[in-house]
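Accompanying notes for the structure given below.
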Amino acid sequence: MNYFKKRLLFLMKIFFKIGIIFMALSFACSGERSKKSQDNEVLELREWAHRLSQKLIITHGHIDLPYRMANKGFMSRNSVEDVSINTMGDFDYPKAKLGGLDDPFMSIYVDIRPGSTSKIRRG
C-alpha cells in the first residue's frame, strides 16, 4: 500500500473515532444537569477541539467563494470581494484561520459544450 493510501486510511480512522466520541458525548449530554456543569463541558470541548485542530490537517473540499462572488455581482463589476477581512459569507481568511483550516480547495466548473453561455472557449 503506498504512502497516500496509508495516510488516508489513518485519517479516516481518526475521523471515525472523533465521530464516535461526539456521538457518545451527545448522548451523555442529553440528561439533565446544571447550567454551570454544561457550560464547563462546552468550554472543555472547545479547548479539546482547538488542540485537535492544531494537530491535524484540516481541509475543506468545497469552498463556494467563486459562486458567491458571481451571485453578488462581483464578476459583472470586475471587482473582487476582499476575503482577507470578515465578510457576511461562509468563507473568508479570518474564519478559516479561526477554524484551523490548512488546505482550502476551490474548483470552478466551466461549461465548454457548443452553445453554452460560458465566455471561455477551447484553445
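The values are calculated or read from the model by the stated rules, or taken from the named source; none is laboratory data. Small disclaimer: the values here were computed from a predicted structure and weren't measured. Positions of Cβ are backbone-derived with ideal geometry, glycine not excepted, and every protein chain shown enters the neighbour counts.
The table below lists the values:
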{"read-out": "Close pairs from segment 50-74: first touching a residue at least 12 places away in the same chain (Cβ under 8 Å), partner assigned to a strand (DSSP E or B) and surrounded by fewer than 14 Cβ atoms within 10 Å (Cβ to Cβ), Cβ under 8 Å, at least 6 apart", "value": "57/103; 58/103; 59/103; 60/103"}
{"read-out": "Every pair of residues 6+ apart whose Cβ atoms lie under 8 Å, when the first sits in segment 1-21 and is farther than 14 Å from residue 49 by Cα while the second is assigned to a helix (DSSP H, G or I)", "value": "1/9"}
{"read-out": "Meets criteria (within 25 Å of residue 11 (Cβ to Cβ), in contact with a strand residue (DSSP E or B) (Cβ under 7 Å, 6 or more places away or on another chain) and of a type outside the set (Asp, Glu)) for residue 60", "value": "yes"}
{"read-out": "Residue tally, condition at pLDDT 80 or above and in a loop (DSSP other than H, G, I, E, B), over segment 27-72", "value": "3"}
